[in-house]
Amino acid sequence: MQFKVPQFLEIEDKIFGPFTFKEFAYLTGGAGICYILFKLLGIYLGAIPILAVAGFSLLLTFYHPNGKPFINMVEAGIKYAMQDKLYIWKRHEIKVKAQQQKEMRIGSQLKTETMNEKGVRLSGSKLRDLAWSLDILDVKKENN
């Protein structure tokens, strides 16, 4: 027994002439809001809001960036604006005097010159020391 598998599920049906139901709703909603603004504010005071609403309505209907509806972009923009933002780190330049720079260089040289009893340099990072010690232990196991 063979069944027909539906295809093109993502394509919406054209119900009102060349428009889908959503596109028709955007156009009629925008036209209705423009009419209400015209009746309330008149042509001179309402020109800018009417143009803004009509433009937004036309964008929702006809503009499809990257093949997706414009409403998806509007939704993503609103979500981004409303959510909390976490700023992890901002680099700040620290101005150091010449004397402090000289002391820092001397301290770093002493730190690099410090050796343990086996003649291996010690670093300031405990994680690096741990990784180094694990590498040494692995080498000793391979030699046995």
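Suppose the filter is within 31 Å of the chain's Cα centre (by Cα) and either surrounded by 15 or more Cβ atoms within 10 Å (Cβ to Cβ) or in a helix (DSSP H, G or I) (or both); does residue 60 pass it?
Values: within 31 Å of the chain's Cα centre (by Cα): yes; either surrounded by 15 or more Cβ atoms within 10 Å (Cβ to Cβ) or in a helix (DSSP H, G or I) (or both): yes.
Here the answer is yes, as residue 60 does meet what is asked.
Somewhere in segment 72-83, is a residue modelled with pLDDT of 90 or more, more than 23 Å from the chain's Cα centre (by Cα) and part of a loop (DSSP other than H, G, I, E, B)? Can you show your working first?
The first filter runs over segment 72-83 and keeps only residues modelled with pLDDT of 90 or more, leaving 72-83.
Within this subset, residues satisfying the condition of being more than 23 Å from the chain's Cα centre (by Cα) are none.
No, segment 72-83 contains no residue that is modelled with pLDDT of 90 or more, more than 23 Å from the chain's Cα centre (by Cα) and part of a loop (DSSP other than H, G, I, E, B).
Tally up the residues in segment 1-42 that are loosely packed, with under 10 Cβ neighbours inside 10 Å and either modelled with pLDDT under 90 or of a type outside the set (D, E, K, R) (or both), please. Please lay out each step first, then the result.
Looking only at segment 1-42, we keep the residues that are loosely packed, with under 10 Cβ neighbours inside 10 Å, and these are 1-11, 13, 17-18, 39.
Remaining after also requiring either modelled with pLDDT under 90 or of a type outside the set (D, E, K, R) (or both): 1-11, 13, 17-18.
So the answer is 14.
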query = Out of all the residues in segment 35-54, is one or more in contact (Cβ under 8 Å) with a residue 24 or more places away in the chain and closer than 23 Å to residue 14 by Cα?
reply = yes
remark   = Taking segment 2-54 and keeping residues over 22 Å from residue 74 (Cβ atoms) and part of a helix (DSSP H, G or I) leaves 35, 38, 39, 40, 41, 42, 43, 44, 45, 47
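The values are calculated or read from the model by the stated rules, or taken from the named source; none is laboratory data. Here the structure is a predicted model, which is why all the values come from computation and not from measurement. Ideal geometry is used to build each Cβ from the backbone, glycine not excepted, and the neighbour counts take in all protein chains shown.
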